[in-house]
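The values are calculated or read from the model by the stated rules, or taken from the named source; none is laboratory data. Keep in mind it's a predicted model, so treat the numbers as computed, not measured. Quick reminder, even Gly has a Cβ in these numbers, built from the backbone with ideal geometry, and neighbours come from all protein chains shown. In case anyone asks, the SASA skips ligands and DNA or RNA and just uses the protein heavy atoms, side chains included. Shrake-Rupley method; radii C 1.70, N 1.55, O 1.52, S 1.80 Å.
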Amino acid sequence: MTNVLKSVMRLALACTAMVAMSTHAESITIEHLKGTTTFDQVPQRVVVLGNGSLDVLDRIGVQPVGAPHSLLPSYLSEYKTSTVNTGSVREPDFETIFTLKPDVIIAENRMLRIYDELNKVAPTVMFYVENGDYWQDTQENWRMLGKLFNKGQEVEALIAETQAQLDNVSEKVTKQQLDALMVMNNGNNVAMYNKGSRFSIVFDEFGFAESTSQNVAPIEGAHGNLISFEYISDAKPEVMFVLDREQAIGRGEGKAKTLFNNTLVNSTPAAQNKKIVYIDSNAWYISGGGVTATQTMINDVSKAVN
């Protein structure tokens, strides 16, 4: 073998090694609720199965090929025409998702029960917010997507912007030393949500004290503690946040404002000081964890302190 040929072979081997090293360096390892998932490169064909993750992708400039079209807020309505419908936020259309040949599926809380089935279709990562850890988990989810799509700088800017908004409101809450009730009506039923619940951000991040009744007991339920209007009257909340579930799930405009306009509620400091806030039901109940949704939640809370 001539020296020239040996030199050519060494160069070829070196190039192969460099390519292999480069390919390895470009791999992306994502940690999420269900474990660790590694991608050889930035995913190009993306399917999202919830509004929260779709909201984040919208803000960092990533266009998915598939998304659920039901219960989209107005700021995400364009995705009804720019993506293929993958079903509802609770029930995905597996056949459609399979035909889209995704490089990644981004699943949310309501899809946790079928994670294994989704992961068989394509590598699936969980965009998950734990009860009582809203802002911490939300930041981790945003950073996860920033890493996955090489949009880390954009995500950090969004976190800083949102943190500043949250801090501004929480400082006002602390200064005013307000207590609050966080309630949701489902038809005529009313449930209360305290620390550790899905709406714990009201108390943990914003800093409201919990308003509770000393004389009327709530009834423990799977979706919050069921309470009566007597409970609300006895608790005497200084602020009350009201989420209308019927409105959130698209069953008309709901009946919250009519339901809560009664003598018992109107006797509370919250009613007398015009601090009953009817919050954006989609942002809090359907699209939570998104950027615009979180900033909408902050804006809702600000109405109680401004």
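Taking (1) closer than 30 Å to Asn51 by Cβ; (2) open to solvent by less than 20 Å² (accessible area, probe 1.4 Å); (3) not in a loop (DSSP other than H, G, I, E, B) in turn, Thr292 satisfies each apart from (2).
Within the range 55-95, the residues that satisfy the criterion of being of a type in the set (Asp, Glu) and not in a helix (DSSP H, G or I) are Glu78, Glu91, Asp93. Looking only at residues in the range 234-284 that are over 16 Å from Met182 (Cα atoms) and acidic (Asp, Glu), the one that is modelled with the highest pLDDT is Glu246. The residue that is surrounded by the fewest Cβ atoms within 10 Å (Cβ to Cβ), counting only those in the range 125-156 that are in contact with a strand residue (DSSP E or B) (Cβ under 7 Å, 6 or more places away or on another chain) and over 25 Å from Asp204 (Cα atoms), is Lys147. Residue check: Thr174 meets all listed conditions (1) in contact with a Gly (Cβ under 8 Å, 6 or more places away or on another chain); (2) hydroxyl-bearing (Ser, Thr, Tyr); (3) within 30 Å of Gly61 (Cα to Cα) but one, namely (3). Look at the range 141-152: where a residue is within 18 Å of Asn51 (Cα to Cα) and a partner is acidic (Asp, Glu) and open to solvent by 40 Å² or more (accessible area, probe 1.4 Å), sitting 6+ places away or on another chain with Cβ atoms under 7 Å, you get Gly146/Glu154. Among the residues of the range 108-118, those identified as touching a residue at least 40 places away in the same chain (Cβ under 8 Å) and either under 16 Å from Thr38 (Cα atoms) or part of a helix (DSSP H, G or I) (or both) are Asn109, Arg110, Met111, Leu112, Tyr115, Leu118. For the range 96-108, name all the residues that are loosely packed, with under 15 Cβ neighbours inside 10 Å and within 20 Å of the chain's Cα centre (by Cα). Selection gives nothing. Hey, can you tell me all the residues within the range 278-289 that are touching an Asp or Glu at 6+ places or on another chain (Cβ under 8 Å) and either buried (at least 22 other Cβ atoms within 10 Å of the Cβ) or in a helix (DSSP H, G or I) (or both)? Ile279, Ser281, Ala283, Trp284, Ser287, Gly289 - these are the residues of the range 278-289 that are touching an Asp or Glu at 6+ places or on another chain (Cβ under 8 Å) and either buried (at least 22 other Cβ atoms within 10 Å of the Cβ) or in a helix (DSSP H, G or I) (or both). Is it true that some residue in the range 82-95 is touching a Ser or Thr at 6+ places or on another chain (Cβ under 7 Å), under 18 Å from Trp142 (Cβ atoms) and either at pLDDT below 95 or surrounded by 11 or more Cβ atoms within 10 Å (Cβ to Cβ) (or both)? No, because not a single residue in the range 82-95 is touching a Ser or Thr at 6+ places or on another chain (Cβ under 7 Å), under 18 Å from Trp142 (Cβ atoms) and either at pLDDT below 95 or surrounded by 11 or more Cβ atoms within 10 Å (Cβ to Cβ) (or both). Only one entry in Val169, Val242, Val216 is at negative phi, in contact with a Phe, Trp or Tyr (Cβ under 7 Å, 6 or more places away or on another chain), in a loop (DSSP other than H, G, I, E, B) and β-branched (Val, Ile, Thr), namely Val216. Checking each residue in the range 247-277 for being within 19 Å of the chain's Cα centre (by Cα), crowded, with 16+ Cβ neighbours inside 10 Å and either small (Gly, Ala, Ser) or not in a loop (DSSP other than H, G, I, E, B) (or both) picks out Gln247, Ala248.
Among residues of the range 169-193 that are in contact (Cβ under 8 Å) with a residue 24 or more places away in the chain, those with a Cβ under 7 angstrom from a residue that is open to solvent by less than 20 Å² (accessible area, probe 1.4 Å) and assigned to a helix (DSSP H, G or I), sequence gap 6+ or separate chain, pair up as Val169/Ile298; Val169/Val301; Val169/Ser302; Ala180/Val202; Leu181/Ile232; Leu181/Ala235; Met182/Val202; Asn185/Ala256. Give the range 240-267 a look and list any residue that's among the small types (Gly, Ala, Ser) and farther than 23 Å from Arg90 by Cβ, or say none. Answer for the range 240-267, where residues must be among the small types (Gly, Ala, Ser) and farther than 23 Å from Arg90 by Cβ: just Ser267. Ile219 meets all of the listed conditions (1) open to solvent by 60 Å² or more (accessible area, probe 1.4 Å); (2) farther than 29 Å from Leu71 by Cβ; (3) hydrophobic (A, V, I, L, M, F, W, C) but one, namely (2). For the residues Phe206, Phe229, Phe241, Phe199, the requirement of being open to solvent by less than 50 Å² (accessible area, probe 1.4 Å) and farther than 27 Å from Trp142 by Cα singles out Phe229.
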